[in-house]
Amino acid sequence: MNLHLKVWRQKNSETKGHLVDYEARNIPEDCSFLEMLDLVNEDLLSRGDEPIAFDHDCREGICGMCSLTINGIPHGPSETTTCQLYMRKFKDGATIYIEPFRVGAFPLLRDLAVNRSAFDRIQQAGGFISARVGAAQDANSILVPKTDSDHAMEAAACIGCGACAAACPNASAMLFVGAKVTHLGSLPQGQPERERRVLAMVKKMDEEGFGNCSNYLECEAVCPAEIPVTVIGQLNRDYSLALLKDNL
Amino acid sequence: MSLTLDPKIPSGPLEQKWERHKFESKLINPSNKRKFEIIVVGTGLAGASAAATLGELGYKVTAFCFQDSPRRAHSIAAQGGINAAKNYQNDGDSVHRLFYDTIKGGDFRAREANVHRLAEVSVSIIDHCVALGVPFAREYGGLLDNRSFGGAQVSRTFYARGQTGQQLLLGAYSALNRQIAAGTVEMHSRTEMLDLVTVDGHAKGIVTRNMVTGEIKSWAADCVIMATGGYGNVFYLSTNAKGSNVTATYRAYKRGAAFANPCYTQIHPTCIPVAGDHQSKLTLMSESLRNDGRVWVPKNKGDTRPPSQIPDSERDYYLERKYPSFGNLAPRDISSRSAKEVCDEGRGVGPGGLGVYLDFADSIKRLGEAKIRERYGNLFDMYHQITGENAYEMPMRIFPAVHYTMGGLWVDYNLMSNLPGLFVLGEANFSDHGANRLGASALMQGLADGYFVIPYTIGNYLAPEGGKRPTTDHPAFKQTEADVRAKIQKFLSIKGKRSVESFHRELGLLMWDHCGMGRSEKSLTRALNRIPALRQEFWENANVPGENESLNGSLEQAGRVADYLEFGELMCLDALKRNESCGGHFREEYQTPDGEAQRDDEHFAHVAAWEYQGENKPPIRHVEPLVYENVKLATRSYK
C-alpha cells in the first residue's frame with residue numbers, strides 16, 4: 001500500500017518544528033506502524049536525509065516507550081500501543097498525521113520523541129511500599145481476596161506511556177496517578193502509607209504542571225492498558241480523606 | 001596480568017555453602033557504607049533491585065539506563081512467571097528439587113553451588129515481592145496461585161496474569177524510586193555506557209554518552225555493577241527489545257573481562273512466525289500457554305488443509321509422542337529443536353512451512369472459553385493484533401525464535417568478574433542456567449542477584465578497598481574517554497552508502513543460518529569466514545548521518561552493530577570449539593541416534609571463558625572445570 005505521511009520534524013527543544021510531507025511506498029499490510037516508519041527512514045537515509053526520531057523499544061506493547069499521536073489520537077487507531085498498530089488498519093492512499101505526544105510536562109527532545117521523566121518523579125514522590133529487603137514475612141501469611149488482587153492487578157497494568165495525559169484537553173495525569181494509588185491502595189500491604197502516598201503523588205503531579213480531571217474520559221478511551229477511569233474516582237476519594245485527616 | 005578463573009566456591013556441604021559464605025563475608029559498618037560509591041549500569045530486574053537494595057543499605061549508588069525510564073527495561077516483557085521452591089501446592093517441591101531441575105534443565109553445564117543458592121533465595125524473592133505490592137495471581141481463599149512451566153513436574157511458578165515481568169520490574173522500580181527520593185541513588189536515564197575504565201587492573205568507573213545532548217562523561221566509583229542484559233539481538237530478529245544490546249558487556253570484555261559460553265543461546269519454541277522482510281522483531285507467546293495448548297503438525301508432508309479439516313488421526317502431537325512424561329511441557333531447547341525437525345521434514349504449517357500449531361481446542365472444550373480467556377486473554381489479544389487471526393477459533397501458529405542468552409561475562413560465586421571490582425548480574429552474566437534456561441527462571445535469577453546476593457557479596461571486595469577510589473582526573477579516565485570520542489568520530493566520518501540497519505539484518509541472518517538452532521563445523525567455519533568481510537564493509541560503507549551533539553539513533557545503532565559484528569565472531573568461535581551438543585548448543589555432528597543432544601562430559605564438562613587479545617588477534621579460550629559433587633551427570637531424559 002502507499003501512504004501520504006505528514007510528520008512532525010523538530011531538531012530539538014530550542015528550534016521550531018513543522019509538519020513535513022513524506023510518501024511511504026509499497027508498504028506491506030502485515031507491517032506494524034513502527035516498521036512502516038523504519039522503511040521510511042531507510043528511504044530517507046538512502047537519500048542522504050536524517051531519519052525521523054521516535055521512541056520505541058520492546059515493540060510488543062508492554063514497555064510503554066512508543067508514543068506517537070496518529071491522526072490526532074495518542075497511539076492512533078491501535079487497540080493498545082503504537083507498536084501494536086498494524087498497517088492493515090489503514091486504507092491504501094490514506095493521509096496520516098504523525099505527531100509527538102503533546103503535553104506541557106513532556107518537553108520535546110527531537111521530532112517525535114518527548115521527555116516523560118515527570119512521570120518518574122511522580123512515582124518517586126510516593127508510588128511505592130516501603131518494604132526493606134529481608135524483612136518480609138512468608139508470602140502466604142498475607143491473605144489477599146482474589147477480587148482485591150484482581151482489582152490491584154487491573155490498575156497495576158499501567159505501562160506509563162503518557163497517552164492519558166496526551167489525550168486529555170487539560171493534560172491531566174490523574175489516570176496515571178490514580179492507577180498507582182488504586183493498585184497499592186487495594187492491597188493490605190499498601191495500607192500503612194496510603195494517605196502519605198496519595199498526598200505526595202498529587203502534590204508532585206501538580207508541581208509538574210499536569211492539569212485536573214474534568215471528566216472528558218479521553219484518557220480511558222486511549223489507554224493501551226485499559227485502565228478504567230474509576231481509578232480517578234478512587235484517587236479523588238483517597239485524596240479527600242487523606243487531606244481531611246491531615247487537617248484534623 | 002594473566003587471567004585466572006577462580007570460582008571461589010565456598011567449602012562445606014552444598015546446603016550450607018551460602019549460609020557459611022554469608023557469615024564469612026566481610027561486613028562494612030553502616031556509617032562507612034556511605035563512603036563507598038557504586039555504579040550500576042542497567043536498571044532492569046537485576047540492576048534496579050541491586051541499586052535499590054544497595055541504596056537502602058546506605059551505599060552511594062549512581063545508576064544508568066539507556067531507556068527513558070528504568071520502568072522500560074526489557075525485563076518488563078517477561079510474560080509467564082517466576083519460579084520459587086515454596087511448595088505451596090504440596091506437590092513435592094523443595095529447594096533441592098528446584099536446584100536439581102535447574103541443573104538438569106541446563107544440561108549439566110552450570111555450577112552446582114550457584115544454582116543451589118538460587119534455589120534457596122527463590123523463596124525470599126516471592127516474600128519480598130509480595131511485600132512490595134506485586135499483585136501475583138491469587139486463589140479465592142486469598143492464597144497465592146501457581147502454574148507449571150517447562151522442565152518441571154511440579155507447579156512452582158508464580159505469576160501476574162501474562163505480565164509477570166512487568167509487575168516484578170515495576171516492583172523493583174518502585175523500590176528504586178524510594179531510594180532515589182531518599183537520595184541514596186542518583187539515576188541517569190537516556191545515558192548509555194560506552195566503556196569501562198580500569199585502574200591498575202580494577203574496574204573503577206565508566207564512560208557514558210548522554211543520548212540527548214551527546215555529552216561524553218566519566219564516572220568514577222569504588223566498583224562497577226553491570227546488569228545490562230543479554231545479546232540475543234546479535235541475530236537481529238529476536239524477542240528482545242530493539243534497544244537490548246551487547247555493547248556494555250562486549251566493551252568490558254575488550255577491557256579484560258572474560259566472556260563465558262557466548263555460544264549458549266536460547267531459542268524459544270513459542271513465538272509468532274516471521275511474516276515478511278520488513279519485520280523488525282519477533283513476539284513471544286508465553287511458555288505458560290503450553291499448560292493448556294497442544295503442539296501439533298500434520299502427519300503428512302505438504303498437507304495444506306486448514307487445521308479444522310485435519311482429523312485427529314492425521315495429526316502428529318509430536319511432543320506428546322516423543323516425550324510422554326513431560327509432553328507439551330518439555331524444556332525449551334528440546335521443544336524448539338523438535339519444531340525445527342518437523343518443519344525440516346516438510347510438515348511445517350503456514351507461509352513457507354515455518355510454523356507449527358499450538359491448539360487450545362481441547363482445553364476450551366474442557367474448561368470453557370472464559371477460563372482460557374482469564375488465563376491468557378492478553379496473549380490471545382496480542383496474537384490477534386499481530387496476525388489478524390482469532391486463536392479461540394483456530395490454533396495459533398508458532399515457531400522458535402531467539403529469546404535469551406545463557407552466556408555472558410564470567411563471574412565467581414560473589415558475582416564478580418575476573419576483573420576485580422566489576423560485578424555482573426542477571427542475564428549479563430553466565431552463571432546459573434548452564435546451556436539451557438528453564439522457563440520462569442530468568443526473573444528468579446535477576447532478582448536473586450540484585451536483592452539477595454550482591455548486597456552480601458559486594459563487601460568482600462569493598463571492605464579492603466576503602467579510600468582507593470580514583471577521581472576522573474586519573475589518566476585512565478582521560479584515555480578511555482578519548483578512545484570513546486575517537487570511535488564516535490570514526491562512525492560519523494565513514495559517510496558510506498549502506499544503512500547500519502542493513503548490516504545488522506545481514507549479520508543476523510548469517511548468525512541464524514550458521515549459529516542458530518543447529519550448528520556444524522562446516523556452518524560455523526563458513527560464518528567465521530564471512531563475518532570479517534562484513535565487518536570490513538561496515539567500516540568502509542556504513543551510513544551514519546548527523547552529529548554526536550544531538551539525539552541520534554543512527555549513531556547509537558552504529559556503536560551497537562559494530563560490537564555485534566565482532567561479538568558474532570566470538571560466538572561462532574565458541575560454538576566451533578565446543579565439540580559436543582548440550583542444551584541450546586546443538587552441534588549437528590553430535591547427536592544420539594534418535595536426534596537428542598549428545599554431551600561429551602569427559603572433554604566438555606567445563607565453562608569456556610574467552611580472553612580478548614586485541615584487534616584481529618584470536619582470543620584465548622580458558623576453562624573452568626565444572627565439579628559435580630552432589631548430582632550425577634546423566635543423559636537428560638524427558639521421555
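Computed from the coordinates by the stated procedures, all read-outs in this text should not be read as laboratory data. Nothing here was measured: the structure is a model prediction, and the numbers come from that model. Using ideal geometry, Cβ is built from the backbone for each residue, glycine included, and neighbour counts are taken over all protein chains shown.
Tell me which lysines have Cα within less than 20 Å of residue A:203's Cα, excluding those fewer than 8 residues away on the same chain?
Within the straight-line limit of under 20 Å, residue A:203 reaches these lysines: A:180, A:245.
For a label point 7 angstrom out from the Cα of residue A:15 toward its Cβ, which stretches of the stretch A:101-117 have the backbone nitrogen within less than 17 Å?
Only A:108-114 fall inside the zone, counting backbone N under 17 Å.
Could you please rank A:216, B:383, placing first whichever residue has the fewest other Cβ atoms within 10 Å of its Cβ?
Details: A:216 14, B:383 22.
Least to most surrounded, the residues fall as A:216, B:383.
Set the Förster distance to 45 Å, then compute FRET efficiency between residue A:121 and residue B:341 from the Cβ-Cβ distance, nearest 0.05.
0.30
Roughly how many debye, to the nearest 20, is the charge dipole of the stretch A:113-248 about its Cα centre, given +1 on each Lys and Arg Cβ, -1 on each Asp and Glu Cβ, and no other charges?
Details: 12 positive and 15 negative charges, 67 e Å.
Charge dipole of the stretch A:113-248: 320 debye, to the nearest 20.
Order the peptides B:414-421, A:37-44, A:178-185, B:346-353 from the highest to the lowest mean number of other Cβ atoms within 10 Å of their residues.
Working: B:414-421: 23.0, A:37-44: 19.2, A:178-185: 27.4, B:346-353: 17.8.
Result, highest mean Cβ count within 10 Å first: A:178-185, B:414-421, A:37-44, B:346-353.
Going by alpha carbons, how many degrees (0 to 90, nearest 10) lie between the helix axis of B:95-105 and the longest principal axis of chain B?
80 degrees
Compute the Cα gyration tensor for the protein assembly as shown, then decide on rounded, prolate or oblate, letting a ≥ b ≥ c be the square roots of its eigenvalues: rounded whenever a/c is under 1.5, prolate when a/b is larger than b/c in the other cases, and oblate in all that remain.
Rounded shape, in that the Cα axes give a/c under 1.5.
I need the calculated FRET efficiency for the pair residue B:541 and residue A:148, taking r as the beta carbon distance and R₀ as 60 Å, to the nearest 0.05. Intermediate results must be reported in sequence, preceding the final value.
Working: r = 60 Å, r/R0 = 0.99.
Approximately 0.50, to the nearest 0.05.
Within 15 Å, Cβ to Cβ, of residue B:390, how many net charges do the neighbouring residues add up to if Lys/Arg are +1 and Asp/Glu are -1?
-3
On C-alpha positions alone, give me the angle between the axis of helix B:112-131 and the longest principal axis of chain B, in degrees, nearest 10.
90 degrees
Please give the calculated 222 nm ellipticity per residue for the protein assembly as shown, where each DSSP H segment of at least 4 residues contributes -39500 (n - 2.57) and the sum is spread over every residue; nearest 500 deg cm²/dmol?
Result for the protein assembly as shown, helices only: -11000 deg cm²/dmol.
Take residue A:191, project a point 7 Å from its Cα along the Cβ direction, then tell me which residues of the stretch A:216-248 have their backbone nitrogen under 18 Å from it.
Counting backbone N atoms under 18 Å from the label point, the list is A:238-239, A:241-242, A:245.
Going by how many other Cβ atoms sit within 10 Å of their own, how do B:196, A:34 line up, fewest first?
Neighbour counts put them in this order, fewest first: A:34, B:196.
Sort B:468, B:242 by Cβ crowding within 10 Å, fewest neighbours at the top.
Neighbour counts put them in this order, fewest first: B:468, B:242.
Using 0.36 nm per residue, how much length does the chain from residue B:305 to residue B:601 gain when fully extended, once their Cα-Cα distance is taken away?
Details: separation 296, 0.36 × 296 = 106.56 nm, distance 4.53 nm.
Fully extending the segment from residue B:305 to residue B:601 adds 102.0 nm.
Starting from the Cα of residue B:104, draw a straight line to each of the lysines and keep only those under 21 Å, dropping any in the same chain fewer than 8 residues away.
Answer for residue B:104, where 21 Å is the Cα cut-off: B:17, B:86, B:322, B:632, B:639, listed by chain and number.
Compute the distance in nm between two label points, each set 7 Å from the Cα along the Cα-to-Cβ direction, one at residue B:390 and one at residue B:621.
Placing both labels 7 Å along Cα→Cβ, they lie 5.4 nm apart.
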